[in-house]
Amino acid sequence: GVSIGDSLAASNAAMGVMMALHVREKTGRGQVIDAAIFEAVLAMMENMVTEYDITGYVRERSGSVLPGIAPSNVYPTSDGMILIGGNGDNVFGRFVEVMGKADLARNPKFASHAARGVNQTELDEIIADWTRTFALEPLLTLLEDSGIPCGRVYSAPDMIADPQYQARESIVTVDHPVFGPIRMQNTFPRMSETPGKVQWPGPALGEHTDEVLGRLAGLTPETIIDLRSRGIV
């Protein structure tokens, strides 16, 4: 688990700042930006609320499955798990050819996107019976060579070792004052004219308090000492 709500709320706040600056250029007026964590996550819930409001259907946890979108799931191999997304009609046709089960594309239960969604569980069982006969790496190669979207379930070591991550410098090494060189995510998205760069791993708690209150806010050293003595900062 990761605190994705915090990151989504921060992204919303950053977008709000950009929109507010744009409006200020036109009106000369600033505004308050209210970025709530729960609303940032709510915005990512697709049509869940509308779906319930119109049909009464309550979408529940579904694990790695996208309800009604098949095949799109995590499947077992002899030595790990593999992600496969073959739900488009053309991709599904190629996928079942690779599986040696081309007849599935003509089977009324799986011939269309809607039908595969209805019969998702049965289709996933058929695919799982096939994938577990392979080791992970050979299956990845087979599917990639056949144009089937797939991938491993990545751990942190997998990300660091992945050639695509390395080629794009998605993970960079940064010097930390306590831990020395550490690896962390690069800056995203990538800008063609003004590319970002990770220059430091972030401040210690309160590292810039005096600078912000003094140089930026204009408080005197005596005032800052007083605020700190009273537990305000």
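The values are calculated or read from the model by the stated rules, or taken from the named source; none is laboratory data. Fair warning: this is a prediction, and the values are worked out from it, not measured in the lab. Using ideal geometry, Cβ is built from the backbone for each residue, glycine included, and neighbour counts are taken over all protein chains shown. Calculation scope for accessible area: heavy atoms of the full protein, side chains included, ligands and nucleic acids excluded. Shrake-Rupley method; radii C 1.70, N 1.55, O 1.52, S 1.80 Å.
Structure summary
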item: Most to least accessible of 48, 15, 99 (protein chains only, probe 1.4 Å); result: 15, 48, 99
item: Convex hull volume of the chain per residue (C-alpha atoms, cubic angstrom); result: 239 Å³
item: Per residue solvent-accessible surface (Å²) - the stretch 2-86, probe of 1.4 Å; result: 72 Å²
item: Charge-dipole axis of the chain as Lys and Arg at +1 and Asp and Glu at -1 on Cβ define it, positive-most pick from 134, 218, 154; result: 218
item: Added length on full extension, which subtracts the Cα-Cα distance from 0.36 nm per residue, residue 172 to residue 210; result: 10.7 nm
item: Restricting the stretch 7-66 to chymotrypsin sites (Phe, Trp or Tyr not before Pro) in coil, as DSSP defines it, with at most 11 other Cβ within 10 Å; result: 57
item: 3J(HN,Hα) from dihedral phi, the stretch 168-177, Karplus parametrisation 6.51/-1.76/1.60, rounded to Hz, x for glycine, proline; result: 8, 6, 5, 10, 10, 9, 10, 7, 10, x
item: The stretch 106-121 residues near the modelled residue 66 label - backbone nitrogen below 20 Å, point 7 Å along Cα→Cβ; result: 110-121
item: Rg/Rh (Cα only; Kirkwood hydrodynamic radius) as it applies to the stretch 4-100; result: 1.18
item: Residue-wise HN-Hα coupling along the stretch 154-165, computed from phi with Karplus coefficients 6.51, -1.76, 1.60 (Hz; x: Gly, Pro); result: 7, 9, 4, x, 5, 4, 5, 8, 5, x, 5, 4
item: Interchain or long-range residues, amide H under 5 Å from residue 82's placed H; result: 75, 77
item: Gain upon complete extension [residue 14, residue 142; 0.36 nm per residue less C-alpha separation]; result: 41.9 nm
item: Check: the chain dipole with +1 on Lys, Arg Cβ and -1 on Asp, Glu Cβ, in debye; result: 360 debye
item: For residue 176, residues with placed amide H under 5 Å, excluding near neighbours; result: 182
item: Percent accessible area from carbon and sulfur atoms, the chain, protein chains only, probe 1.4 Å; result: 57 percent
item: Karplus-derived 3J(HN,Hα), 6.51/-1.76/1.60, for each residue of the stretch 40-45, Hz, glycine and proline x; result: 5, 6, 4, 4, 8, 8
item: Per residue accessible area of the stretch 108-157, 1.4 Å probe, in Å²; result: 52 Å²
